[in-house]
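First comes the structure, then the notes that go with it.
The values are calculated or read from the model by the stated rules, or taken from the named source; none is laboratory data. Keep in mind it's a predicted model, so treat the numbers as computed, not measured. FYI the Cβ positions are ideal-geometry reconstructions off the backbone, even for glycines, and counts take in every protein chain you see. Surface areas here come from the heavy atoms of the whole protein model, side chains and all, with no ligands, DNA or RNA. Shrake-Rupley method; radii C 1.70, N 1.55, O 1.52, S 1.80 Å.
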Amino acid sequence: MCGIVGYIGKRDVAPLLLEGLQRLEYRGYDSAGIAITGPKAAGLKTVKAKGRVRELESRIPKRFAGTTGIAHTRWATHGAPSDENAHPHLDVEGKVAVVHNGIIDNASDLRAKLIADGIEFASETDTEVLVHLIARSTSETLEEKVRDALRIIEGTYGIAVLHADFPDRIVVARNGSPVVLGIGEKEMFVA
């Protein structure tokens, strides 16, 4: 099973996300990853690892600070367990990060169209299709970009999305897969 954890607030996000992933460890999975940003961060920072959360934790650099982030544990459905297939997935420019639970039924057709348009894929996953669709949207807000991409998607999903140009937000959506929101004082969580 896959697990999603996200946080936006004032606290240092990486320790919170790692704790959330550790709480999901009872579930079967083959890889884990994390993406962070924040108002003072320059772009997105990501770390991914095949294996357990401790493998991911051992790869996180000492200077890995941010206040907004998403993390994921993956159970392979598309592509072998590997660092490349671990979530979060990034677009070509490294500005959009997506974690996803579920299966995109029309991923093969969408992948073929994106490849024909010159997009190079870094993984074998269905999720990477979604990140490229979000990145290609010409809409002005992150919420609109995500909506544009989801209009094309067929299948089930629970997603969390970060964008380097919108470091003050996480966009989440679901269809068939559960997503839980936690609302705190000046902070929010997603799982």
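Annotations for the structure displayed:
- Taking all protein chains as they are arranged and a probe of 1.4 Å, the heavy atoms of S139 leave approximately 30 Å² accessible to solvent.
- Counting only residues at least eight positions apart within a chain, or on another chain, the lysines with an alpha carbon under 26 Å from that of K48 are K10, K40, K62, K95, K145.
- Solvent-accessible ranking of R52, R147, largest area first, probe 1.4 Å: R147, R52
- Spatial separation of Cα centroids for the stretch 99-124 and the stretch 135-191, in angstrom: 18 Å
- Mean separation of Cα contacts under 8 Å, 6 or more apart, over the residue count of the stretch 1-72: relative contact order %: 45 percent
- Dipole orientation for the chain: of the candidates Y157, H87, I183, I183 has the Cα lying most toward the positive pole (charges on Cβ; Lys, Arg +1; Asp, Glu -1).
- Summary value for the chain: 25 percent relative contact order, contacts being C-alpha pairs under 8 angstrom separated by 6+ residues.
- When peptides 80-87, 55-62 are sorted by average Cβ neighbour count within 10 Å, with the highest value leading, the order is 80-87, 55-62.
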